[in-house]
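The values are calculated or read from the model by the stated rules, or taken from the named source; none is laboratory data. All values reported here derive from a predicted model rather than from experimental measurement. In this analysis, Cβ positions are derived from the backbone assuming ideal geometry, glycine residues included, and neighbour counts consider all displayed protein chains.
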Amino acid sequence: MTNNRIITHKIKRGSLIHFALDGIKRESFEVIKTELTNLLKRRAGVYALYQNDKLVRVGLGTNIYWRLKGHAKSKKLVWNTASLFIIGEKNLKYLRDLETAIVRIAKPKYNNQKGRVRDEHFLERLLKKSVKLKRKKLHAKRIQKDKEMKALEYEIHNIEKVVASNR
């Protein structure tokens with residue numbers, strides 16, 4: 001017997017996200033920018049911007065410091081705290097997928113794009129195909145039951161004719 005379960009206990013924490021920094025205040029960004037520049041130089045990851053604990057923007061950056069610095073200077077984007085999630089270099093290929101998943105789940109106010117998935121409607125097509133097959137099977141069973149019902153009705157009719165002729 002093969003075991004097709006996904007074994008999650010073998011997945012190590014930190015496989016995708018190497019470091020995180022939560023609760024960076026927008027106004028303190030200027031104060032710690034030198035430290036952040038050195039710490040985050042050429043680091044890629046995902047950031048989340050919050051306004052009063054409500055997620056308003058999620059994004060990615062191959063140089064996350066400069067991305068966050070740009071948002072700190074922006075007058076259009078209203079936020080007061082940020083979180084950073086640094087992704088390991090070997091996982092950079094998953095950065096856009098990670099951003100897409102977060103944006104689709106959280107639906108932040110300032111994210112206009114919802115991101116793309118390779119074959120977005122694949123599961124929907126499979127489900128529709130399954131429904132079509134089940135409807136076909138249901139139709140075939142109805143036809144079979146209808147035939148059985150007609151056969152029973154015919155037998156009843158014949159029995160009633162015999163009973164009526166013997167009176």
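Can you name the residue in segment 27-38 that is without any contact (Cβ under 8 Å) to a residue 40 or more places away in the chain and within 14 Å of ARG67 (Cα to Cα) and, of all such residues, is surrounded by the fewest Cβ atoms within 10 Å (Cβ to Cβ)?
Ranking the candidates gives THR37 first.
For residues that are surrounded by fewer than 22 Cβ atoms within 10 Å (Cβ to Cβ) and among the hydrophobic types (A, V, I, L, M, F, W, C), scanning just segment 47-59, find the one that is nearest to ASP97 (Cα to Cα).
Out of the qualifying residues, it is ALA48.
So the check is Cβ under 8 Å with 6+ separation or different chains; which pairs have a first residue in segment 52-65 that's in the same structural domain as ARG42 (by TED's automatic domain parsing) and a second one that's of a type in the set (Val, Ile, Thr) and outside any strand (DSSP E or B)?
From segment 52-65, the pairs are VAL56/VAL78; VAL58/ILE102; VAL58/VAL103; TYR65/THR37.
Being within 30 Å of ALA44 (Cβ to Cβ) and not in a loop (DSSP other than H, G, I, E, B) is true for just one of GLU120, GLU99, GLU153, GLU124. Which residue is that?
Details: GLU120 fails: not in a loop (DSSP other than H, G, I, E, B); GLU153 fails: within 30 Å of ALA44 (Cβ to Cβ); GLU124 fails: within 30 Å of ALA44 (Cβ to Cβ).
From the options GLU120, GLU99, GLU153, GLU124, the qualifying one is GLU99.
Is there a residue being assigned by TED's automatic domain parsing to the domain that holds ASP53, modelled with pLDDT under 90, within 19 Å of the chain's Cα centre (by Cα) and among the small types (Gly, Ala, Ser) anywhere in segment 85-102?
yes
Scanning for something small (Gly, Ala, Ser) and more than 22 Å from the chain's Cα centre (by Cα), does segment 156-164 turn up at least one residue?
Yes.
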